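Quick notes on the structure that follows.
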Amino acid sequence: MSQNSIQQLQIFLDIATEAVMTAGVVLQNNWNKLEEIEEKGKPGDLVTEADKQAEKAIIQVLNRHVPEHSILAEESGKLGAIESEYLWAIDPLDGTTNYAHGYPVSAVSVGLMIDGVPQVGAVYNPFRNELFRAAKGLGASCNRRPIQVSQTQELSKSLLVTGFAYDRRETTDNNYAEFCYLTHLTQGVRRSGSASLDLTDVACGRLDGYWERGLSPWDITAGIVIVEEAGGKVTAYDGSEIQLNSGRILATNGHIHQSLSQALLETPSLASWQAN
Ligand code: IPD
Ligand code: CA
Ligand code: CA
């Protein structure tokens with residue numbers, strides 16, 4: 001991997017920050033004023049003019065500062081140099097279903113992978129005016145104050161969060177069994193509808209762990225850096241190195257990582273545990 005100095009990462013972090021804040025204004029301006037809500041493909045997978053405008057605003061910021069970098073944007077796909085070692089993963093509106101319904105739980109997420117590894121991330125929640133930021137080796141912050149993961153040591157005392165992908169009606173691998181099993185084993189499992197906020201909530205200790213399947217790199221690139229820099233752990237379900245294209249993530253405060261991993265791997269079918 002190429003050497004990126006701390007100063008270089010700081011510059012990229014400032015660019016990510018400018019991008020999410022610019023898009024945040026777009027989300028605020030369109031709030032409860034949507035005229036067009038389309039379904040993209042799978043039932044319930046929505047796109048609004050806010051998603052499109054916010055993405056455009058982010059791409060403009062990146063093109064102004066780092067035109068030589070590549071971009072992977074949810075609504076526009078892959079843009080720019082194919083060979084670049086720098087790839088920005090953009091989710092202009094993470095939590096579109098919430099936003100389209102007027103439920104104020106959504107965020108803008110902009111992360112940078114360098115040679116495939118998430119290294120810089122910014123997530124902005126315009127509804128709480130919370131800006132989460134992190135870069136490798138620089139720590140994680142919320143509104144410029146350092147943040148840390150929780151100290152919860154046991155799965156039975158934990159509060160978790162998860163989500164359900166848009167293909168949930170087409171597969172039995174839809175996370176329903178895991179959701180019920182973990183609800184059984186913990187103090188609760190929440191479902192916010194915004195993967196990036198699930199990750200930042202783990203990073204700042206509001207939640208102890210998060211898992212999900214069916215995700216895309218733009219949902220999680222920024223959040224991964226923020227959790228790791230806040231002292232948390234991010235892996236595949238089985239504890240091995242996360243593969244961004246697998247769509248699966250397990251992110252925790254570190255203390256409950258192994259027990260949550262084990263629970264996910266041993267989740268019984270819905271029918272069997274309901275009977276016990
Ligand atoms: C979705 C949200 C949701 C997760 C879905 C994502 P979108 O992103 O992050 O929490 O469960 O899998 O696709 O469509 O609102 O950008
Ligand atoms: Ca998303
Ligand atoms: Ca989105």
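The values are calculated or read from the model by the stated rules, or taken from the named source; none is laboratory data. Here the structure is a predicted model, which is why all the values come from computation and not from measurement. A quick note on method: Cβ atoms are made from the backbone with ideal geometry, for glycine too, and the neighbour counts reach across all protein chains shown.
Within the group LEU87, LEU160, LEU93, which residue is touching a Leu at 6+ places or on another chain (Cβ under 7 Å), surrounded by 17 or more Cβ atoms within 10 Å (Cβ to Cβ), part of a strand (DSSP E or B) and without any contact (Cβ under 8 Å) to a residue 60 or more places away in the chain? Steps first, please.
Details: LEU160 fails: without any contact (Cβ under 8 Å) to a residue 60 or more places away in the chain; LEU93 fails: without any contact (Cβ under 8 Å) to a residue 60 or more places away in the chain.
Selected residue: LEU87, the only one of LEU87, LEU160, LEU93 that is touching a Leu at 6+ places or on another chain (Cβ under 7 Å), surrounded by 17 or more Cβ atoms within 10 Å (Cβ to Cβ), part of a strand (DSSP E or B) and without any contact (Cβ under 8 Å) to a residue 60 or more places away in the chain.
Residues are listed down the side, and each one gets a yes or a no for (1) within 25 Å of ARG144 (Cα to Cα); (2) at pLDDT 95 or above:
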residue: ASP173; (1), (2): no, no
residue: VAL189; (1), (2): no, yes
residue: VAL225; (1), (2): yes, yes
residue: GLU228; (1), (2): yes, yes
residue: ILE242; (1), (2): no, yes
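With modelled with pLDDT under 95 and outside the structural domain of THR200 (by TED's automatic domain parsing) as the only criterion, which of ALA81, ALA73 stands out? Write out each step before concluding.
Numbers: ALA73 fails: modelled with pLDDT under 95.
Answer to the check: ALA81.
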Residues of region 211-247 being within 10 Å of ligand 1 (Cβ to nearest atom), over 9 Å from the mean Cα position of the chain (by Cα) and either at positive phi or not in a loop (DSSP other than H, G, I, E, B) (or both), which ones? GLU212, GLY214, GLY247
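Answer yes if at least one residue in region 68-81 is among the small types (Gly, Ala, Ser), surrounded by fewer than 16 Cβ atoms within 10 Å (Cβ to Cβ), over 16 Å from LEU199 (Cα atoms) and within 16 Å of ligand 2 (Cβ to nearest atom), and no otherwise.
If we filter region 68-81 for residues that are among the small types (Gly, Ala, Ser), which is where we start, we get 70, 73, 76-77, 80-81.
Adding the requirement that they be surrounded by fewer than 16 Cβ atoms within 10 Å (Cβ to Cβ) leaves 76-77, 81.
From what's left, over 16 Å from LEU199 (Cα atoms): 76-77, 81.
Then drop every residue that is not within 16 Å of ligand 2 (Cβ to nearest atom), which leaves 76-77.
Yes - at least one qualifying residue is present in region 68-81.
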Can you name the condition, by its number, that GLN7 falls short on among (1) farther than 28 Å from LEU138 by Cα; (2) not in a strand (DSSP E or B)? (1)
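Within region 10-29, is even one residue outside the structural domain of SER196 (by TED's automatic domain parsing) and under 29 Å from ARG169 (Cβ atoms)? Quick ask: steps written out before the conclusion?
Initially, region 10-29 is screened for residues outside the structural domain of SER196 (by TED's automatic domain parsing), giving 10-29.
Subset that is under 29 Å from ARG169 (Cβ atoms): 27.
So far as region 10-29 goes, yes, one or more of its residues are outside the structural domain of SER196 (by TED's automatic domain parsing) and under 29 Å from ARG169 (Cβ atoms).
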Please specify each residue of region 93-110 satisfying the condition of being within 11 Å of ligand 2 (Cβ to nearest atom) and β-branched (Val, Ile, Thr). THR96, THR97, VAL108
